[in-house]
Amino acid sequence: MNSAPAHLDAVSAFPPALDAVTPAVLRTVMARFATGVTVITVGGAQLHAMTANAFSSVSLEPPSVLCSVGHGAVMHGALSSAGRFAVNILGAEQEDLARHFANSKRTLGAAQFEGVAWTPGRHTGSPLLGGALAWLECELTAAHAFGDHTIFIGTVLGAGQVAEGGGLLFVDGRFGRVAPAAE
């Protein structure tokens, strides 16, 4: 009997790959990757916030993280000018906050924070949002422009977290929730 190895049978079950990876194709494929949801903030004269899921840790030594911001986003200029920022990791119950800071039609400047509980971070002055699961305050260490985005790398100056709570996720164009870990 001539049968293909099991791993080849599994591969044949997938649809054929697309030759042209257009922005729409990449967006559709990447939507399948579940991410956490953050709000990046900048304080001072450039007071601004932006919902982002293009965020990751970079290194434990030195402690550093990255976020990717589109060149046309208001946050791009604000973060570049300020040189310091905060990352607020949103909790499962903060979908409304994520939607608010993702809305490109919202009023900008200090007015975008009306009705939002926040305090300026000790190290950066950037807004730390009430109810966030965790936060990081960062100094901009490097910026690498690539394609239509810039990857901003920040050295972590301060961090904190709440004792409990589940996280807010984004996958397939929808928000979802992760229950808190059982103890």
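The values are calculated or read from the model by the stated rules, or taken from the named source; none is laboratory data. Computed from a prediction, not measured in an experiment: that's the story for all the values here. Here the Cβ positions follow ideal geometry from the backbone for every residue, glycine too, while neighbour counts run over all protein chains shown. Accessible surface areas use protein heavy atoms only, side chains included; no ligands, DNA or RNA. Shrake-Rupley method; radii C 1.70, N 1.55, O 1.52, S 1.80 Å.
Annotations for the structure displayed:
- Estimated purely from DSSP H runs of n ≥ 4, each contributing -39500 (n - 2.57), the mean residue ellipticity at 222 nm for the chain is -4500 deg cm²/dmol once divided by its residues.
- Stretchable slack from S81 to A34, in nm (0.36 nm times residue separation minus alpha-carbon distance): 13.8 nm
- Distant-in-sequence amide H partners of L157 (H built 1.01 Å from N, under 5 Å): E137, C138, E139
- If R0 equals 22 Å, the separation of the Cβ atoms of A143 and R27 corresponds to a calculated FRET efficiency of about 0.40.
- Between A179 and T107, the C-beta separation translates, for a Förster distance of 41 Å, into a calculated FRET efficiency of about 0.75.
- By the Stokes-Einstein formula, at 0.890 mPa s and 25 °C, the stretch 84-150 with its Kirkwood radius over alpha-carbon pairs has D equal to 183 µm²/s.
- Accessible area per residue in Å² at 1.4 Å probe, computed on the chain: 61
- For the stretch 65-157, trypsin sites (Lys or Arg not before Pro) are listed when DSSP marks them as loop and at most 13 other Cβ atoms sit within 10 Å of their Cβ; the list is K105, R106, R122.
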